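What follows is calculated from the coordinates using simple rules that are stated; it is not laboratory data. This structure is a prediction, so every number in the text was calculated from the model and none was measured. Cβ atoms come from the backbone with ideal geometry, glycine included; neighbour counts cover every protein chain shown.
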Amino acid sequence: MKTTNGKSKTGPTKAKETSTKKKIDSANKKKANSGGGKKSKDGMTAEQKILDVIAKLYAGGNKTPKREQVAKLCAIAAKTLANTVAKLKKKDLVECPDAQTLGLTESGLEHVGDLASAGSSNEEVHERIKNDLKGKQVTLFDLLADGEVHEKDDIAEKLGYENRSVKAFANLIGAVKGKGIVIYPTPATIQLDKERCFPFA
């Protein structure tokens, strides 16, 4: 389109549209990051992950987990944890008993609901734990479900590995140990964490 003096308005119009689009995109990004932040590939925000992990640890008897444990289980950076915890504190959902630990406030417990409940039996606790495991992690849990101390070599063999030194087996038990489910009474043995897995024993 041309004006009466023959000059086109095309340039200024496009510039205005581009500027408007940038403002809209910026507003949408801010909106997406509010109330819990960006969602990860699993569809959960950092706030949701942190509350979920603390609630499950609470249900297992660990009411004040270490910050580093929560960060590891959530698979988020320490800085992200610190920033998100600050937001959760403002919402009165999370408290910090000290510099190293986290906990749920009364409002936080109400917010997570049954997720923080230990259940009514060890069997129910086991089912809840297994819901967060996958593949051979579930089989490993079942092999240790008697609560006794087992030789790592025996468990490795039952899972199809030559021995406990196989890297894939070491990674498997390491991942489950990172979830606070198993302990190593000795370097050669493995056992379910009784406090976490047998709260009704």
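Note down the nm distance, to one decimal, between modelled labels 7 Å out along Cα→Cβ at Thr80 and at Glu68.
Rounded to a tenth, the inter-label distance reads 1.9 nm.
Would you please put 126-135, 80-89 in order of how densely packed they are, using the mean number of other Cβ atoms within 10 angstrom per residue and starting with the highest?
The packing order, highest mean first, is 80-89, 126-135.
Please compute the Cα-Cα pair-distance distribution of the stretch 38-183 with 5 Å bins starting at 0, giving whole percents from short to long.
Per 5 Å bin, starting at zero, the Cα-Cα P(r) for the stretch 38-183 comes out as 2, 9, 18, 20, 17, 14, 11, 6, 3, 1, 0 percent.
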